[in-house]
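What follows is a set of notes on a single structure, which appears directly below.
Read-outs: derived from the displayed coordinates by stated rules, not from any lab. Computed from a prediction, not measured in an experiment: that's the story for all the values here. Neighbour counts are summed over all protein chains in view; Cβ atoms, including those assigned to glycine, are modelled from backbone coordinates with ideal geometry.
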């Protein structure tokens, strides 16, 4: 297991969707893909040609494995043999790094999470994708297709790859009664002062907004990634109040497992794979999606608008969502596969049940990461929403 998804807001997130223009009157709620975003008019290829012999990828750790990390984990070698496309990959430690690297034009495709994808679309760094040229796309779960984080106005900008939820995990011996609400880490966090843990990323502001959506209806939050100034301030204020009770903000899953095993952390955000591993190592933990729902991620393979190896890039997109490979990646990384047929290929026959791969009702409770932009992606046109650059600034203030 090599799992990294640290979204530390370091450097410049300067390019934050300056190209996002005002939305048209038909941009409905948050389900309207891309909201009022008007990206550059780029075209997807209508057919594929001869492969170029190489493809350059940016990916989360665990997505492009060639056996060098673990001889038993290799889905790259067969791809190279079958397509003639030699894979060169770079692991990115954050969504911000992915955006920065894509701007260089040196990479053909990227495994973008929702907090990066709209940035890449709006800036013209990601091109639309012709899904007809990706045969395995037909077997992708329907509720992953043409979503707000991977499409704009019905046009696909990538191929869904996998998804996961941000869960509430707790020590079942020290946290009683068993929590059912995110209030355990917000309004009631003082009960566990110094032993609360939270995800170390500006996107965690959306977790606070999701909680306020349910508990403060007067704020009228419709989408936790579309916050006007008043809504944003309320979420930031909630997180500042939470801060004295937080023992650690985590980005490394191994550290979170260790903290729950030692008792340094007793409650906080987590992922299904972390809960499974912690329990297997003796930690007395349980996890759940609280009654307010949860945030989560859905990763999308996107093709660079400047790609020099587009044919190989398309071959890769189809390869990683082919049933066997998608199953391998899902099990290795710890996420629900995107291809429905992958569930028959997992070594653990309960894997897709554990990770809720095809459980549509489960995913309806998950607010997948999206990129906050000034043009409110919940459909409002009478106010401006707080863009991601301001989320980054606020996160620094929240953590002190």
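A few remarks follow.
- Multiplying each eigenvalue of the alpha-carbon gyration tensor of segment 301-386 by 5 and taking the square root yields semi-axes of 30, 23, 9 Å, largest first, rounded to whole angstroms.
- Result for the chain in a Gaussian network model with C-alpha springs under 10 Å: among 373, 274, 329, the largest mean-square fluctuation is at 274.
- Segment 237-262 and segment 151-229 have Cα centres lying 14 Å from one another.
- 222 nm mean residue ellipticity, helices alone, for the chain (DSSP H n ≥ 4; -39,500 (n - 2.57); rounded to 500): -8000 deg cm²/dmol
- Each of 215, 396 was scored by other Cβ atoms within 10 Å of its Cβ. Listed from fewest to most, they are 396, 215.
- Taking other C-beta atoms within 10 angstrom as a stand-in for reagent exposure, 348, 382, 96 fall in the order 382, 348, 96, fewest first.
- Of the two radii for segment 229-281, the radius of gyration is 1.10 times the Kirkwood radius, both from the alpha carbons; that is the Rg over Rh value.
- Three semi-axes of the equivalent ellipsoid, the chain, Cα gyration tensor, whole Å, largest first: 32, 26, 18
- The length gained by stretching the chain between residue 216 and residue 397 to full extension, at 0.36 nm per residue less their Cα-Cα distance, is 62.9 nm.
- Additional length obtainable on full extension of the chain from residue 70 to residue 262, 0.36 nm per residue less Cα span: 66.3 nm
- Least to most buried among 196, 383 (fewest other Cβ within 10 Å first): 383, 196
- Zone of residue 104's modelled label, taken as backbone nitrogen in segment 291-330 under 19 Å from a point 7 Å along Cα→Cβ: 302-310, 313
- Modelled label positions at residue 349 and residue 50, each set 7 Å beyond Cα in the direction of Cβ, lie 4.7 nm from each other.
- Under 17 Å from the residue 180 label point (7 Å along Cα→beta-carbon), backbone N, segment 293-327: 293-294
- Gyration tensor over the Cα atoms of segment 253-400: the corresponding equivalent ellipsoid has semi-axes (square roots of 5 times the eigenvalues, largest first) of 28, 27, 16 Å.
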